[in-house]
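Presented below is the structure to which this report refers.
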Amino acid sequence: MKKILLHIILLGFSSTIWAQSKFNAKHQKAIVYLQGASLTAQAQATLSSGKNTIVITGLSGGIQSESVRIKGDGIKVNNFSQQLNYMEADSRDKSLLKLKDELEAIDNAITKIEQQSAILASEKTMILSNKKVAGEQNGLDPAKLSQLADFYRNRLNDILNKQQALDQESKSLNEKRDKIVKQIQATSNQIILPSAELEIQLESTKNGTVPIQIEYFINDAGWIPTYDLRVKSLSANYELDYLASIYQNSGFEWKNMEVVVSSSDPSNSITGIQLNPWFINTNSYKLNYDLIGNSTSSTISGYILSNTGEAVPYANIKVVNSSLATSADQNGRFSLRLTPESKLIRITANGYETLETSAKGGNRNFYLQSSIVADKLEKVSGVQDQEVTTLRGSRSEQQIIVDGIKINNSVNLAAPPLASPELKESNAENNSTAVNVEYTLKDKVDIKSDGKPLNFLIQKMEVPGTYNSLVYPKINSNAFLNIYLLEWEKLNLLEGEVNMFFGNSFIGKTSLNLNQVSDSLRFDFWKDPNIKTIRT
């Protein structure tokens with residue numbers, strides 16, 4: 001009876017002990033932001049009714065603990081803790097070990113060749129040192145002398161052939177060894193991240209296998225908006241391809257993953273504007289506009305570039321209504337310390353339009369518009385100080401201008417102009433909200449954990465547009481073709497790099513700058529070969 005009672009007591013005590021098991025998580029989805037990504041993984045956990053302690057493995061080592069969300073049917077999470085696992089080597093570790101094994105095998109083979117070469121060299125030295133035997137033995141008959149000469153000739157020839165073969169094999173092995181050493185160096189330079197584990201204490205309402213879903217955020221991922229602008233003909237609507245360059249360095253390869261790209265950027269802190277009372281008395285007044293949560297100073301840094309992507313050296317960057325200012329270096333690089341009162345920055349440079357923009361900290365690049373283009377775009381009348389003849393095909397015309405003239409400004413003629421952009425092909429589902437835009441790629445993708453961007457087409461669009469050619473005879477006799485995209489605000493575009501194609505030819509790169517646009521997006525397509533100008 002005592003044994004039975006003791007067994008019942010131990011059984012009851014054991015039911016209060018948390019069962020511990022490990023379960024590997026499989027990643028299924030990634031929401032990739034402009035900086036960072038939210039990952040969703042699922043593990044099939046075997047639970048018993050009551051309290052359990054489980055360990056979920058295979059998560060990214062860059063996991064942000066404050067972002068972790070744990071879900072499961074019929075479970076209640078009481079607590080969880082996070083730890084790193086350095087013992088489980090990822091695929092890059094295995095590749096590195098394989099390369100080192102190959103290097104060791106090659107080194108062993110080279111050592112054996114060197115030993116064989118040393119033996120042959122010793123034998124050759126021994127034979128050559130004994131060749132004087134014929135001269136020392138005056139009584140040696142001609143037959144024996146002939147046999148001795150044949151022996152020297154055949155043996156030396158055999159030694160030299162073997163040495164040549166060994167040298168060739170050694171050369172081949174050393175070339176292979178150099179390639180493996182370089183590959184090891186390249187692989188070793190990559191950051192090898194440990195995996196993360198979550199130890200979860202939970203309560204389950206049932207026994208059996210329960211899917212446990214883990215959602216968490218990492219910083220080592222992101223995407224870059226890029227575009228291909230294709231102008232097949234000036235008399236046709238233009239094509240704009242929207243692509244997402246996605247990269248990640250989570251520590252494991254994303255295989256067969258559902259990927260969503262979002263225009264959100266969680267790395268930027270969320271701040272609002274708070275209006276303080278305006279106090280006025282007979283002596284002074286005070287007016288402050290404070291950014292909520294921005295009580296400390298920050299730094300803004302980056303590059304000052306032209307609208308064609310070239311560095312603008314020695315540009316001046318100044319906080320409006322403040323003495324804070326700095327200058328860019330010869331490469332356009334700058335850095336400026338901000339204060340909580342900094343609201344706007346003004347950027348000026350010789351030959352460029354002044355730019356004013358919000359004083360938001362972080363790494364930002366700014367693009368300046370050439371003042372030559374801006375000032376002379378609309379100057380078609382004034383003092384008549386020059387005469388220009390322009391020729392396009394068989395047409396010629398004379399116009400009296402001051403500095404700059406539009407040679408042509410026409411809507412597209414061959415194809416009826418679109419009223420608004422039309423979607424021609426889509427590889428992603430669009431979900432727009434009041435604060436962001438998300439594109440869910442239709443096909444699941446594989447992305448390696450190496451930080452290298454992979455391009456994925458989001459959608460192809462046909463966009464209405466116009467064009468003109470500008471010439472500044474006083475400065476340059478060439479005419480410059482410009483393409484304008486209309487209704488651009490309906491495209492949900494983000495700032496990014498633009499690859500420009502005319503016909504089937506790639507003609508260069510530029511940047512899409514949404515801070516300096518009007519009712520149309522302008523792209524400079526460089527020289528128009530169909531227009532010749534003569535200034536008299």
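Is there any pair linking a residue in region 295-306 that is among the aromatic types (Phe, Trp, Tyr) to one that is assigned to a strand (DSSP E or B) and at pLDDT below 85, with Cβ under 7 Å and at least six apart or on different chains, and which?
Qualifying pairs under 7 Å: none.
Within region 77-97, which residues are at pLDDT 80 or above and loosely packed, with under 12 Cβ neighbours inside 10 Å?
If we filter region 77-97 for residues that are at pLDDT 80 or above, which is where we start, we get 77-85.
Correct list: Asn79, Ser81, Gln83.
Okay, residues lined up against (1) in contact with a strand residue (DSSP E or B) (Cβ under 7 Å, 6 or more places away or on another chain); (2) surrounded by fewer than 20 Cβ atoms within 10 Å (Cβ to Cβ); (3) in the same structural domain as Asn436 (by TED's automatic domain parsing); (4) not in a loop (DSSP other than H, G, I, E, B):
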site: Ile159; (1), (2), (3), (4): no, yes, no, yes
site: Ala165; (1), (2), (3), (4): no, yes, no, yes
site: Asn174; (1), (2), (3), (4): no, yes, no, yes
site: Leu202; (1), (2), (3), (4): yes, no, no, yes
site: Ser235; (1), (2), (3), (4): no, yes, yes, no
site: Tyr247; (1), (2), (3), (4): yes, yes, yes, yes
site: Ser250; (1), (2), (3), (4): yes, no, yes, no
site: Glu258; (1), (2), (3), (4): yes, yes, yes, yes
site: Val261; (1), (2), (3), (4): yes, no, yes, yes
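Taking strands (runs of 3 or more DSSP E) that do not extend beyond region 377-479, which have at least 2 residues that are loosely packed, with under 14 Cβ neighbours inside 10 Å and either modelled with pLDDT of 50 or more or hydroxyl-bearing (Ser, Thr, Tyr) (or both)?
Because the criterion is at least 2 residues that are loosely packed, with under 14 Cβ neighbours inside 10 Å and either modelled with pLDDT of 50 or more or hydroxyl-bearing (Ser, Thr, Tyr) (or both), the strands (runs of 3 or more DSSP E) in region 377-479 that meet it are 422-426, 428-432.
Restricting the search to region 321-336, which residues are out of contact with any strand residue (DSSP E or B) (no Cβ under 7 Å at 6 or more places or on another chain) and surrounded by 13 or more Cβ atoms within 10 Å (Cβ to Cβ)?
Those that are out of contact with any strand residue (DSSP E or B) (no Cβ under 7 Å at 6 or more places or on another chain) and surrounded by 13 or more Cβ atoms within 10 Å (Cβ to Cβ): Ser322, Asp329.
The conditions are (1) free of Cβ contacts under 8 Å to residues at least 60 places away in the same chain; (2) closer than 30 Å to Asn85 by Cα, and Asn276 fails exactly one of them. Which is it?
Of (1) free of Cβ contacts under 8 Å to residues at least 60 places away in the same chain; (2) closer than 30 Å to Asn85 by Cα, only one is false for Asn276: (2).
For region 206-233, name all the residues that are in a loop (DSSP other than H, G, I, E, B) and out of contact with any Ser or Thr (no Cβ under 7 Å at 6 or more places or on another chain). Give the derivation first.
The first filter runs over region 206-233 and keeps only residues in a loop (DSSP other than H, G, I, E, B), leaving 206-207, 219-220, 232-233.
Correct list: Asn219, Lys232, Ser233.
Collect the residues in region 336-353 that are among the polar types (S, T, N, Q) and touching a helix residue (DSSP H, G or I) at 6+ places or on another chain (Cβ under 9 Å), keeping them in residue-number order. Outline the logic, then answer.
Going through region 336-353, the residues among the polar types (S, T, N, Q) turn out to be 339, 342, 348, 350.
Correct list: Asn350 only.
In the list Ile246, Ile180, Ile192, Ile224, which residue meets the criterion of being modelled with pLDDT under 90 and in contact with a Leu (Cβ under 6 Å, 6 or more places away or on another chain)?
Checking each option against the conditions leaves just Ile180.
Does region 164-181 hold any residues that are closer than 16 Å to Gln116 by Cβ and touching a residue at least 12 places away in the same chain (Cβ under 8 Å), and which are they?
Within region 164-181, Leu166, Asp167, Glu169, Ser170, Leu173, Asn174 meet the criteria.
The values are calculated or read from the model by the stated rules, or taken from the named source; none is laboratory data. Just so it is clear, the structure is predicted and the values come from calculations on it, not from any experiment. We place every Cβ from the backbone using ideal geometry, glycine too, and count neighbours over all the protein chains shown.
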